[in-house]
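What follows is a single structure, written as structure tokens, with notes after it.
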Amino acid sequence: MDLGISGRWAIVCAASKGLGLACARALAKEGVNLVINARGDETLQAAAIELRGLAPNIEVRTVAGDISTSEVRAQVLAACPQVDILVNNAGGPPPGDFRDWQREDWLKALDANMLTPIELIKACVDGMAERGFGRIVNITSGAVKAPIDVLGLSNGARSGLTGFIAGLARQARLAGNNVTVKNLLPGPLRTVRLHKTLNAGAEAK
């Protein structure tokens with residue numbers, strides 16, 4: 001399938017494995033140049049090698065580090081000549097009982113799963129509108145629509161992002177200039193995080 005996006009540039013967060021890597025693979029096959037980010041450099045470099053093998057004509061740049069920090073966000077943005085496509089993605093906060101969480105736990109969840117995507121969008125969206133093209137995809141969770149009891153940190157932070165995006169996507173300056181902002185709400189996937197969540201749920205019963 002030719003989506004007509006060959007030659008464009010995309011930032012994909014948490015792209016060394018899982019959904020982030022799957023998105024990067026799909027974009028690579030469409031001829032999109034990539035800036036990929038993840039916390040672990042070794043797995044990130046392995047992902048970059050795979051992506052270059054899928055599409056030898058594209059450029060794949062890597063920036064290892066925690067995207068929730070302003071320093072790493074700046075490095076990621078600097079590595080991308082222009083951001084045509086932004087895929088916001090981050091691992092969710094740990095499961096547990098809300099009685100055990102402190103203010104710092106909530107702030108960390110909000111920073112990673114709500115505020116960081118908003119900061120990246122803020123850095124990219126005006127340029128997208130000026131150029132007349134932009135695609136922003138936020139990978140959140142199906143728990144936004146059907147909250148999971150042991151995922152209170154994730155439920156809260158991701159729901160906040162969803163509400164923000166619903167308003168942003170309606171701005172005439174974006175929609176009128178071919179800029180779309182969407183949320184992807186995946187259901188359960190067979191990952192380490194899923195096993196941890198199921199185990200936490202079983203222990204809570």
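The values are calculated or read from the model by the stated rules, or taken from the named source; none is laboratory data. Here the structure is a predicted model, which is why all the values come from computation and not from measurement. Using ideal geometry, Cβ is built from the backbone for each residue, glycine included, and neighbour counts are taken over all protein chains shown. Just so you know, the surface numbers come from the protein's heavy atoms only, side chains and all, with ligands and any DNA or RNA stripped out. Shrake-Rupley method; radii C 1.70, N 1.55, O 1.52, S 1.80 Å.
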Quick one: would you say Lys196 is open to solvent by 80 Å² or more (accessible area, probe 1.4 Å), assigned to a helix (DSSP H, G or I) and at pLDDT 95 or above? no
Consider the range 94-119. How many of its residues are farther than 18 Å from Val181 by Cβ and in a helix (DSSP H, G or I)? 13
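Is the range 12-27 home to any residue that is crowded, with 19+ Cβ neighbours inside 10 Å, polar (S, T, N, Q), within 24 Å of Ser141 (Cβ to Cβ) and touching a Ser or Thr at 6+ places or on another chain (Cβ under 6 Å)? Let's see the steps before the verdict.
If we filter the range 12-27 for residues that are crowded, with 19+ Cβ neighbours inside 10 Å, which is where we start, we get 12-16, 20-21, 23-24, 27.
Checking which are polar (S, T, N, Q) leaves us with 16.
Going one step further and asking which of them are within 24 Å of Ser141 (Cβ to Cβ), we end up with 16.
Next, only the ones that are touching a Ser or Thr at 6+ places or on another chain (Cβ under 6 Å) stay: 16.
Checking the range 12-27: at least one residue is crowded, with 19+ Cβ neighbours inside 10 Å, polar (S, T, N, Q), within 24 Å of Ser141 (Cβ to Cβ) and touching a Ser or Thr at 6+ places or on another chain (Cβ under 6 Å).
Would you check which residues across the range 94-107 are crowded, with 16+ Cβ neighbours inside 10 Å and modelled with pLDDT of 95 or more and list them?
Taking the range 94-107 first, the residues crowded, with 16+ Cβ neighbours inside 10 Å are 94-96, 101, 105-106.
Scanning the range 94-107 gives Trp101, Asp105, Trp106.
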Identify all residues within the range 77-93 that are open to solvent by 80 Å² or more (accessible area, probe 1.4 Å) and either in a helix (DSSP H, G or I) or touching a Lys or Arg at 6+ places or on another chain (Cβ under 7 Å) (or both); write none if there are none. Ala78
For the range 120-150, which residues satisfy the criterion of being part of a helix (DSSP H, G or I), out of contact with any helix residue (DSSP H, G or I) (no Cβ under 6 Å at 6 or more places or on another chain) and either charged (D, E, K, R) or buried (at least 16 other Cβ atoms within 10 Å of the Cβ) (or both)? Leu120, Ile121, Lys122, Cys124, Val125, Asp126, Met128, Glu130, Arg131
Having 2 or more residues that are more than 13 Å from the chain's Cα centre (by Cα) and of a type in the set (Val, Ile, Thr) is the bar; report the strands (runs of 3 or more DSSP E) wholly within the range 1-76 that clear it. 60-64
